[in-house]
Amino acid sequence: MSQTEDEGRARLARQFIEAIPHSRALGMVLERLEDGVAVISMAYDPRFVGDPATGVIHGGAVSALMDTAAGAAVMSHPASAAGTATIDLRIDYMRAATPGQRITARAECYHVTRSVAFVRAVAADEDGDRPVATATGAFTVERKGGAK
Amino acid sequence: MTRPRPEPVQVVKQRRDAALRRLVEGVPYISFLGIHFDRRGDELTAILPFDDKLIGNPLLPAIHGGVTAAFLEVTAIIELSWSLMWEEMEQGALDPLAVDANHLPRLPKTIDFTVDYLRSGLPRDAYARARVNRSGRRYASVHVEAWQDNRSRLFAQATGHFVMPERGGDG
């Protein structure tokens, strides 16, 4: 029973992410989703450039990727629920992403209470050993059918 | 004792508005999101017209948290860059006509950015203003507030730290 429940939850989350208009606009691809871990990637696109002098992707696009991965991680957590919203998100930018390279964010929902989910995330380009950015955030946990 | 007659106000305004427009239009991601800026003297207001591609939760619907973060970060960076340009224009060190696609000022780099989501972003236009709380030679701290229909009901706020661009000529 729990296995079909898990599969159902994963399918729901996958459909949900693919149905997000802004994630589609940024060309996000869900690479992996299970038990509170989400991996989402985004191809380099000249429309997302933030610094015309260097061709580096705007921090805001990286934020959107991290926020989506973090939200997906919350929804895929076994103790979590149907919906979530960001309460706060802090992003640290370690270095500029190399122009032309794909950016991949891995988010992990590492703790869930009755009402709050805690997430950390790392984004890297094709050089996976040197992070481009890290993030930590708190998300709401919206229970199905109201109070329990 | 004669002073050169000041230029007509319209000429000065048009030139400054053009410099701001070129600064903003030089960044592809700002155009991608559809953000533009309104200027009253040195005060800037960022405007994010609503668009379906900005939606993050189609059920509510609500603006994507990543869009909100990006909108606030764009507002902070442009405010910071503009405040540097403004200072130089006032001193006569920067000719606003010299700002074009090939001669854009170097932009500050984000160190960290913390967004506080206060309410869900409704499917309407959003506005933001940034305040530079500290602007040193190397680092700056900027606070940004965003709202929709009511200025006093913020839907998000953020604080960010930035590394300042190298400035030519000030040693």
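Checking the structure you have, find out if any residue of segment B:79-88 is closer than 27 Å to B:Glu166 by Cβ, touching a strand residue (DSSP E or B) at 6+ places or on another chain (Cβ under 8 Å) and at the interface with another protein chain (Cβ under 10 Å from one of its Cβ atoms).
Within segment B:79-88, not a single residue is closer than 27 Å to B:Glu166 by Cβ, touching a strand residue (DSSP E or B) at 6+ places or on another chain (Cβ under 8 Å) and at the interface with another protein chain (Cβ under 10 Å from one of its Cβ atoms).
Restricting to segment B:116-169, what's the tally of residues that are in contact with a Phe, Trp or Tyr (Cβ under 7 Å, 6 or more places away or on another chain), without any contact (Cβ under 8 Å) to a residue 40 or more places away in the chain and basic (Lys, Arg)?
So the answer is 2.
When segment B:25-52 is examined, which residues are found to be within 11 Å of another protein chain (Cβ to nearest Cβ) and crowded, with 16+ Cβ neighbours inside 10 Å?
Listed by number, the residues that qualify are B:Gly26, B:Val27, B:Pro28, B:Tyr29, B:Ile30, B:Phe32, B:Leu33, B:Ile35, B:Asp51.
Taking the criterion of being in contact (Cβ under 8 Å) with a residue 60 or more places away in the chain and of a type in the set (D, E, K, R), would at least one residue in segment B:33-47 satisfy it? Can you show your working first?
Here is the first cut: in segment B:33-47, the residues in contact (Cβ under 8 Å) with a residue 60 or more places away in the chain are B:43-47.
Then keep just the ones that are of a type in the set (D, E, K, R); that gives B:43.
Yes, the conditions are met somewhere in segment B:33-47.
So is B:Ala130 crowded, with 17+ Cβ neighbours inside 10 Å, within 24 Å of A:Gly83 (Cα to Cα) and either modelled with pLDDT of 95 or more or out of contact with any helix residue (DSSP H, G or I) (no Cβ under 9 Å at 6 or more places or on another chain) (or both) or not?
Details: crowded, with 17+ Cβ neighbours inside 10 Å: yes; within 24 Å of A:Gly83 (Cα to Cα): no; either modelled with pLDDT of 95 or more or out of contact with any helix residue (DSSP H, G or I) (no Cβ under 9 Å at 6 or more places or on another chain) (or both): yes.
Answer is no for this residue.
What is the residue count in segment B:135-164 for residues that are surrounded by 18 or more Cβ atoms within 10 Å (Cβ to Cβ), of a type in the set (Phe, Trp, Tyr) and either under 23 Å from B:Leu84 (Cα atoms) or under 14 Å from the mean Cα position of the chain (by Cα) (or both)?
Of the residues in segment B:135-164, 1 are surrounded by 18 or more Cβ atoms within 10 Å (Cβ to Cβ), of a type in the set (Phe, Trp, Tyr) and either under 23 Å from B:Leu84 (Cα atoms) or under 14 Å from the mean Cα position of the chain (by Cα) (or both).
Looking at A:Arg32, A:Arg90, A:Arg14, which one is basic (Lys, Arg), farther than 22 Å from B:Pro123 by Cβ and at pLDDT 95 or above? Can you show your working first?
Working: A:Arg32 fails: at pLDDT 95 or above; A:Arg14 fails: at pLDDT 95 or above.
A:Arg90 is the lone residue from the list that is basic (Lys, Arg), farther than 22 Å from B:Pro123 by Cβ and at pLDDT 95 or above.
Which numbered condition in (1) closer than 30 Å to A:Ala82 by Cβ; (2) surrounded by fewer than 19 Cβ atoms within 10 Å (Cβ to Cβ) is the only one that B:Asp112 fails?
With respect to (1) closer than 30 Å to A:Ala82 by Cβ; (2) surrounded by fewer than 19 Cβ atoms within 10 Å (Cβ to Cβ), B:Asp112 is out only on (1).
Taking only segment A:82-116 into account, find how many residues are hydrophobic (A, V, I, L, M, F, W, C), surrounded by fewer than 21 Cβ atoms within 10 Å (Cβ to Cβ) and within 14 Å of another protein chain (Cβ to nearest Cβ).
Looking only at that region, the number is 6.
The values are calculated or read from the model by the stated rules, or taken from the named source; none is laboratory data. These numbers were taken from a predicted model, which means no experiment stands behind them. Here Cβ is always computed from backbone atoms with ideal geometry, including for glycine, and neighbour counts include all displayed protein chains.
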